[in-house]
Amino acid sequence: MVNHTTRVAVIGAGMGGLTAAVALTRIANVQVTVFEQARKLGDVGAGVTVAPNGQRVLDKLGVLEQVKRAGATPDGHGVYQDAMGNLVAEAAWEDSAKQYRNIGMYRPDLVNVLSGEVPPGTIHLGHRLTSIQTLPTGVCLEFENGVHDEFDAVVGADGIHSVVRDSLMQPPAPVYSGFIAFRGVIDATLLPEDWPMISQVWMGEGKHFMCYPLQQRKLFNYVGFVPSDRPLKETWSAPGDVGEIAAEFAGAKWDPRLRHFISLIDKTFWWGLYDHEPLTNWSRGRVTLLGDAAHTMLPHAGQGVNQAMEDSITLAFFLREAEGPDEIAEAFKRYTAVRMQRTAILQNSSRRSGSQFDARNEFEDTEKRDADLRAGRDFRRSVLFDFDAVAAAEKALKRFRRI
Ligand SMILES: Cc1cc2nc3c(=O)[nH]c(=O)nc-3n(C[C@H](O)[C@H](O)[C@H](O)COP(=O)(O)OP(=O)(O)OC[C@H]3O[C@@H](n4cnc5c(N)ncnc54)[C@H](O)[C@@H]3O)c2cc1C
């Protein structure tokens with residue numbers, strides 16, 4: 001068995017890398033070191049939805065209660081609305097057993113909770129990985145600050161620009177969606193008293209806006225998705241202009257409630273929204289990938305982090321099965337085989353959801369689009385929210401043991 005003398009490096013202390021660090025420590029019982037290029041832990045000052053499928057993983061890892069305490073559970077199902085705020089469809093917000101309900105998390109809070117769950121000394125900040133050398137019995141990692149160290153294995157959780165992935169294969173071309181997202185948070189006490197404590201989406205004119213509560217309802221997250229060719233010329237994320245987001249959703253065609261919400265925004269950032277085509281492999285030898293490094297997806301299904309959580313627990317279950325370091329490569333191969341199809345489907349369906357919200361492609365006919373959104377709720381609940389990554393990993397392990 002691999003054990004606490006087996007040294008595994010995780011590159012990247014984002015939400016994916018940190019969940020992996022907790023899972024590998026608690027389930028695979030290996031010695032984990034996380035390397036992060038930034039000098040400070042954190043994430044952008046915006047929200048993320050931890051969905052029931054992600055929560056099932058956190059529950060297994062023993063961190064769900066801490067996440068719930070830091071986050072916000074809405075009062076009920078979310079709504080998809082037209083530009084004037086008329087109900088189009090209800091959104092899925094819980095699993096079929098009603099055990100887990102969407103939690104809105106302020107990203108820095110989630111990073112804080114997860115980083116507090118790894119053993120002291122696990123996370124090394126200010127370490128930017130520059131190269132990986134494969135050795136007969138492991139890997140040698142080199143960092144920009146001159147540090148180099150040997151490990152039994154390495155997990156690349158280093159996001160869309162992954163250096164680990166690029167050491168394994170020809171880098172996939174980033175695909176620009178044609179959209180940017182303005183995002184940030186507002187102080188929830190500024191909202192009218194009767195403002196619904198749920199997730200709301202307004203859809204119109206080929207763009208959409210969403211908001212939901214965070215941090216025990218003290219904050220409200222917002223994202224405005226608008227078409228743009230700007231990121232093709234500039235950086236992928238930058239401070240945005242509040243006036244610009246207000247102008248995008250201005251005028252009598254937009255719900256006055258939405259316009260009031262936007263008038264409360266005092267700070268915004270914009271992101272160019274990119275993904276890439278599904279990869280055909282995530283592992284080679286003792287090197288593997290996880291989270292956005294393996295499967296960057298558009299945010300429209302709210303699943304990037306949740307899939308990284310599913311990856312993390314699956315990886316930990318497969319690594320735990322390895323009889324010793326010599327079997328790590330096979331464990332990584334099996335982990336990849338189990339995860340790749342689900343994340344590829346989600347990369348595609350995230351694109352499709354974006355087309356739905358913005359009435360593009362096959363959804364230009366909004367009646368068809370609206371019917372599709374209504375029908376999608378049960379599908380989303382059963383395929384996404386009811387998915388149990390632990391049960392799936394255990395089932396796959398049994399199959400592999402018979403081979
Ligand atoms: C507008 C928007 C809304 C979203 N909403 C949701 C949502 O509601 N639910 C959801 O599940 N997902 C959502 N997502 C997707 C989600 O944000 C990503 O999938 C997730 O953050 C990926 O996590 P990660 O840890 O894999 O990668 P990242 O968060 O990108 O973390 C990678 C880390 O690796 C570090 N790193 C990179 N290179 C190196 C290196 N060479 N050496 C050392 N460290 C390195 C980086 O500094 C970073 O800390 C959204 C995305 C966007 C853009």
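The values are calculated or read from the model by the stated rules, or taken from the named source; none is laboratory data. Small disclaimer: the values here were computed from a predicted structure and weren't measured. Positions of Cβ are backbone-derived with ideal geometry, glycine not excepted, and every protein chain shown enters the neighbour counts. What goes into the accessible areas is simple: the full protein's heavy atoms, side chains included, and nothing from ligands, DNA or RNA. Shrake-Rupley method; radii C 1.70, N 1.55, O 1.52, S 1.80 Å.
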Could you identify which residue out of Val118, Val67, Val44 has the top mean-square fluctuation in a GNM of the chain using Cα springs shorter than 10 Å? Val44
With every protein chain left in place, what is the accessible area of Asp194 in Å² (1.4 Å probe, nearest 10)? 130 Å²
Using alpha-carbon pairs under 8 Å, 6+ residues apart, how would you state the relative contact order of the chain in percent? 23 percent
Karplus (6.51, -1.76, 1.60) ³J(HN,Hα), θ = phi - 60°, over the range 164-169, in Hz, Gly and Pro reported as x: 5, 4, 5, 7, 9, 7
In terms of the Cα gyration tensor, with a ≥ b ≥ c the square roots of its eigenvalues, is the chain rounded because a/c is under 1.5, prolate because a/b exceeds b/c, or oblate? prolate
Accessible area, 1.4 Å probe, largest first: how do Ile180, Ile132 sort? Ile132, Ile180
In degrees, nearest 10, the alpha-carbon axis of helix 15-26 is tilted away from the dominant principal axis of the alpha carbons of the chain by 40 degrees
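Going by the alpha-carbon gyration tensor, a ≥ b ≥ c the square roots of its eigenvalues, is the range 286-339 rounded (a/c under 1.5) or, if a/c is not under 1.5, prolate (a/b greater than b/c) versus oblate?
Details: a/c = 3.45, a/b = 2.44, b/c = 1.41.
Verdict is prolate for the range 286-339.
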Using Cα atoms only, what is the angle between the long axis of helix 52-61 and the major principal axis of the chain, expressed in degrees (0 to 90) to the nearest 10? 40 degrees
Mean ellipticity per residue at 222 nm, deg cm²/dmol - from DSSP H runs of n ≥ 4 across the chain, formula -39500 (n - 2.57): -10500 deg cm²/dmol
Going 7 Å from the Cα of Thr73 toward and past its Cβ, which residues in the range 212-252 have a backbone nitrogen under 20 Å from where you end up? 212-221
Mind giving me the FRET efficiency for Gln133 and Met169? R0 is 22 Å, r the Cβ-Cβ distance, nearest 0.05 is fine. 0.85
Largest-first ranking of Lys60, Lys368 by accessible area, probe 1.4 Å, whole protein assembly kept, is Lys60, Lys368
Compare Thr235, Thr280 by solvent-accessible area with a 1.4 Å probe and give them largest first, with all protein chains kept in place. Thr280, Thr235
Leading residue at positive end of dipole, the chain (Cβ point charges), from Ala246, Ala13, Ala322: Ala322
Measuring from label point to label point, each 7 Å out along Cα→Cβ, what is the Met197 to Arg259 span in nm? 2.9 nm
Longest principal axis of the chain (C-alpha) makes with the long axis of helix 366-379 (C-alpha) an angle, in degrees to the nearest 10, of 40 degrees
Per the 1/(1 + (r/R0)^6) rule, R0 = 22 Å and r from the Cβ atoms of Cys140 and Thr5, FRET efficiency to 0.05 is 0.75
Positive-end extreme of charge dipole, the range 252-403 - chosen from Met297, Ala393, Trp270 (charges on Cβ): Ala393
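Could you calculate the contour length gain from Lys395 to Arg284, that is, 0.36 nm times the residue separation minus the distance between their Cα atoms, to one decimal place in nm?
The Lys395-Arg284 span can extend by a further 37.6 nm.
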Rounded if a/c is under 1.5, else prolate if a/b beats b/c, else oblate: with a ≥ b ≥ c from the C-alpha gyration tensor eigenvalues square-rooted, which is the range 1-123? prolate
